[in-house]
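One structure is given below, encoded as structure tokens.
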Amino acid sequence: AAPAPRAAPVADLVAAVDIPYTRFTLDNGLTVLVHEDHKAPVVAVSVWYNVGSKDEPAGKTGFAHLFEHLMFGGSENAPGSYFTPMRNMGATDMNGTTYFDRTNYFETVPTPALEQALFMESDRMGYMLGAISQETLDLQRGVVQNEKRQGDNQPYGLNQYKQLEALFPEGHPYRHSTIGSMADLDAASMQTVRDWFTSNYGPNNAVLVLAGDITPAKARELTDKYFGPIAKGPVNTPNQAPVPTLAAPVNETTRDRVSNAQVEISWAVPGMLDADSVPLSVAASVLGGLASSRLDNELVRGEQTAVSVSAGNSAFHRVGIFEMSAMVKPGEDPAAVEARMREILNGLIADGPTQDEINRVVTQYASRRIQGLEQVGGFGGKATALAEGQLYAGDPEFYKKQLAAYAAVTPAQVKAAMQKWLTRPAYTLTTLVGQREAYQEAAAAPSGANHTPAPEIQRKARMAKPEIGQVANVDFPAVERTRLSNGMEVIYAHRDATPTTKIAIDFDAGLAADDRAKLGLQTLMLDLMDEGTQTLNATQLAEAQEALGATITTGATMDSSLIQLSALTPNLQPSVALMADVVRRPAFAPAELERLRATRLSRIAAERTQPAAL
């Protein structure tokens, strides 16, 4: 085998991660975090409310998610959908999400549009209720119900409800899913909906992050102007929630319109602020998160009884869910696959991971985190990192503590955490191929939505919506070009926001060039390219990438084939050498071809069970 590539020490990578910020609090309790980054004339705006589905009392499940929809539907001084004016101002990475612990809204806007974005965000925080008519409420109830139907009708779509109800006892804040009960939503009166908003969406229960082309002084001026006049809401204390333990193992079998049987084994574990959370996340990666994980090596590449496996630790604010799953290869016995999953898990619990496995997990985690921080906004940029830390830990630099915990974790810590939490009784759900069991959309739903009238709200007049300033032309990085001696053109753009480098090698032939008699040949060839080279087998190639924090991917469009590398700049030389090995010396091993052929056929069968694919 080729010698392992030399990688920069993880501690050095982690120590370099820093998001400078300024924090201040408005008189109404709104916490504001500002990160100054002038590399592009944009500002990420991110508003996080400390309320999610875990905070919903019995009879009001789904309210947090319903309000995510209502708050996109217009406010008193910005009527109509928020999507159109946001798009018109040039917003990107615009979205909102609700989960167990939070509701957030975010967009990245050109600097001259920042005031209008802040006006709109503040309007839905402080001037919302007068815009919610009975018609709007009914419309958004219908949207949520349709979203639930879409999710439920996915293959394995009912499994999340079974898992939550099995792991968490009656009355536990995490027992119900974020989508909630359609009966609860239908039963909600206008006054009930208003009371929920007033109780949970005040400025003192929110965090606002501005990251990008802005100074702290300007941020204070603008937040005082737009958010300052909003009245403080009631003091809100998010729900606490204990980590429950099952009295005995629970095993359940269900049937669904799926292409493959699936085995899922899960436990309730501590949440993100617990000292065991990072060791458990590392354990999950060693087990089924790395490309070279133990489940992958044994069940997918070795015995080939599963077409895919995964393991993960979903760490929420108060609790977490540790889960491992396997998609069973057609013709194989799910019970035998489950037994092997337990054997592999028990081996890891008994002996702990190796230091090499931990190094690969930590390097990959640090690499993903660093690459995500190149953006100011979106789902994983700087604004998100600061907001999450402030909301859940009261510390915008919580991301640093997590990185440090990963970098310092030892095999003994991982072993101890697994022995403490994963030797407890587990919930096992096996999904078999068949007809889905009888399922009623909302069995307890009344015949119609509640239309009990509520007093009309007097709309509060505000300043006029600010205009968008002139957006200047963007100053792109200088692009340099050269040509290698073999004729290959090289195009380079220099950016130093994060110590990362991305390389794409683009070949001028794609899906359209496939032989009509052998459709899929080109993408199968691309898939095989990163499954081993003439010097590294598939597992060794995966381990080499993980050790460097590098990711090599292949893909295709109609007209081109791409091999791409995401690398940490301190590890660039060995990462490029690895990429060159994949491009120039792929093994195309017959055994790997047969494995990927089986996986591809299984994926095609799975597509036939998915509504969107059909």
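The values are calculated or read from the model by the stated rules, or taken from the named source; none is laboratory data. A quick note: this is a predicted structure, and the numbers were derived from the prediction, not measured. No Cβ is skipped: glycine too gets one built from the backbone with ideal geometry, and neighbour counts run over all protein chains shown.
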Self-check item: Restricting the stretch 476-504 to residues that are in contact with a Ser or Thr (Cβ under 9 Å, 6 or more places away or on another chain) and over 20 Å from V42 (Cβ atoms), the residue that is modelled with the lowest pLDDT
Solution: P499
Self-check item: Pick from the stretch 382-431, criterion within 18 Å of the chain's Cα centre (by Cα) and of a type in the set (S, T, N, Q), ranking: farthest from D93 (Cα to Cα)
Solution: Q402
Exercise. Among the residues of the stretch 155-210, write down those that are closer than 28 Å to V243 by Cα and charged (D, E, K, R).
Key: K162, E165, E170, R175, D184
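Do you know which of the residues in the stretch 179-213 that are of a type in the set (G, A, S) and surrounded by fewer than 18 Cβ atoms within 10 Å (Cβ to Cβ) is farthest from Y226 (Cα to Cα)? Steps first, please.
Here is the first cut: in the stretch 179-213, the residues of a type in the set (G, A, S) are 180-181, 183, 187-189, 199, 202, 206, 211-212.
Filter again for surrounded by fewer than 18 Cβ atoms within 10 Å (Cβ to Cβ), leaving 183, 187, 189, 199.
Details: A183: 37, A187: 35, S189: 30, S199: 21 Å.
So, considering only residues that are of a type in the set (G, A, S) and surrounded by fewer than 18 Cβ atoms within 10 Å (Cβ to Cβ), the one farthest from Y226 (Cα to Cα) is A183.
Go through the stretch 464-492 and give me each residue that's part of a loop (DSSP other than H, G, I, E, B) and either touching a helix residue (DSSP H, G or I) at 6+ places or on another chain (Cβ under 8 Å) or surrounded by 10 or more Cβ atoms within 10 Å (Cβ to Cβ) (or both).
Residues of the stretch 464-492 that are part of a loop (DSSP other than H, G, I, E, B), as a first pass: 464-478, 484-488.
Matches in the stretch 464-492: K465, P466, E467, I468, G469, Q470, V471, A472, P477.
With the structure loaded, tell me whether Q540 is within 23 Å of G289 (Cβ to Cβ), surrounded by 14 or more Cβ atoms within 10 Å (Cβ to Cβ) and modelled with pLDDT of 95 or more or whether it fails that test. Show your work before the answer.
Numbers: within 23 Å of G289 (Cβ to Cβ): yes; surrounded by 14 or more Cβ atoms within 10 Å (Cβ to Cβ): yes; modelled with pLDDT of 95 or more: no.
No; evaluated as a whole, the condition is false for this residue.
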Exercise. Being polar (S, T, N, Q) and in contact (Cβ under 8 Å) with a residue 40 or more places away in the chain is the filter; apply it to the stretch 299-323 and report the residue that is surrounded by the fewest Cβ atoms within 10 Å (Cβ to Cβ).
Key: Q304
Practice problem: Would you mind stating whether I344 is closer than 23 Å to S266 by Cα and touching a residue at least 12 places away in the same chain (Cβ under 8 Å)? | Solution: yes
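Out of A426, A412, A385, report the one residue that is within 27 Å of T98 (Cβ to Cβ), out of contact with any Lys or Arg (no Cβ under 7 Å at 6 or more places or on another chain) and among the hydrophobic types (A, V, I, L, M, F, W, C).
Working: A426 fails: within 27 Å of T98 (Cβ to Cβ); A412 fails: within 27 Å of T98 (Cβ to Cβ).
Only one candidate qualifies: A385.
How many residues are of a type outside the set (S, T, Y) and surrounded by fewer than 21 Cβ atoms within 10 Å (Cβ to Cβ) when one looks only at the stretch 120-134? I'd like the intermediate steps shown before the answer.
Initial filter on the stretch 120-134 (of a type outside the set (S, T, Y)): 120-121, 123-126, 128-132, 134.
Then drop every residue that is not surrounded by fewer than 21 Cβ atoms within 10 Å (Cβ to Cβ), which leaves 129-130, 134.
Final tally of qualifying residues: 3.
A quick yes/no check of all residues on (1) assigned to a loop (DSSP other than H, G, I, E, B); (2) acidic (D, E); (3) at pLDDT 95 or above:
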site	(1), (2), (3)
Q163	no, no, yes
P169	yes, no, yes
D186	no, yes, no
L210	no, no, yes
Quiz item: Does at least one position in the stretch 291-298 carry a residue that is surrounded by 21 or more Cβ atoms within 10 Å (Cβ to Cβ), within 18 Å of E165 (Cα to Cα) and either of a type in the set (A, V, I, L, M) or out of contact with any Gly (no Cβ under 7 Å at 6 or more places or on another chain) (or both)?
Solution: no
Quiz prompt | Selection within the stretch 76-109 - touching a Gly at 6+ places or on another chain (Cβ under 8 Å) and farther than 22 Å from L386 by Cβ | solution = E76, G80, S81, Y82
Quiz item: Does the stretch 560-586 hold any residues that are buried (at least 18 other Cβ atoms within 10 Å of the Cβ) and outside any helix (DSSP H, G or I), and which are they?
Solution: S561, I563, L565, S566, A567, L568, P586
Quiz item: Would you call V193 over 26 Å from the mean Cα position of the chain (by Cα), outside any loop (DSSP other than H, G, I, E, B) and β-branched (V, I, T)?
Solution: yes
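Go through the stretch 17-34 and give me each residue that's part of a loop (DSSP other than H, G, I, E, B) and surrounded by 15 or more Cβ atoms within 10 Å (Cβ to Cβ).
Selection gives V17, I19, Y21, L26, N28, G29, L30.
Of the residues A417, A385, which single one is within 18 Å of L210 (Cα to Cα) and surrounded by 23 or more Cβ atoms within 10 Å (Cβ to Cβ)? Reasoning before the result, please.
Working: A417 fails: within 18 Å of L210 (Cα to Cα).
Step by step, each of A417, A385 is checked, and only A385 is within 18 Å of L210 (Cα to Cα) and surrounded by 23 or more Cβ atoms within 10 Å (Cβ to Cβ).
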Quiz item: Which one of these is modelled with pLDDT of 95 or more and out of contact with any helix residue (DSSP H, G or I) (no Cβ under 9 Å at 6 or more places or on another chain): A587, A577?
Solution: A577
Exercise. Mind telling me which of the residues A478, A513, A517, A504 ends up being touching a residue at least 60 places away in the same chain (Cβ under 8 Å) and of a type in the set (G, A, S)?
Key: A504
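Residue under question is N236, and the condition is that it be over 19 Å from A339 (Cα atoms) and not aliphatic (A, V, I, L, M); does it hold?
Details: over 19 Å from A339 (Cα atoms): yes; not aliphatic (A, V, I, L, M): yes.
Yes, satisfied.
Only one of these is touching a Pro at 6+ places or on another chain (Cβ under 6 Å) and either not assigned by TED's automatic domain parsing to the domain that holds G212 or not aromatic (F, W, Y) (or both): P425, P334, P330. Name it. Explain how you work it out, then say what you get.
Values: P334 fails: touching a Pro at 6+ places or on another chain (Cβ under 6 Å); P330 fails: touching a Pro at 6+ places or on another chain (Cβ under 6 Å).
It is P425.
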Exercise. Check every one of the helices (runs of 4 or more DSSP H) wholly within the stretch 267-372 and list those with 3 or more residues that are closer than 23 Å to A550 by Cβ.
Key: 277-284, 355-372
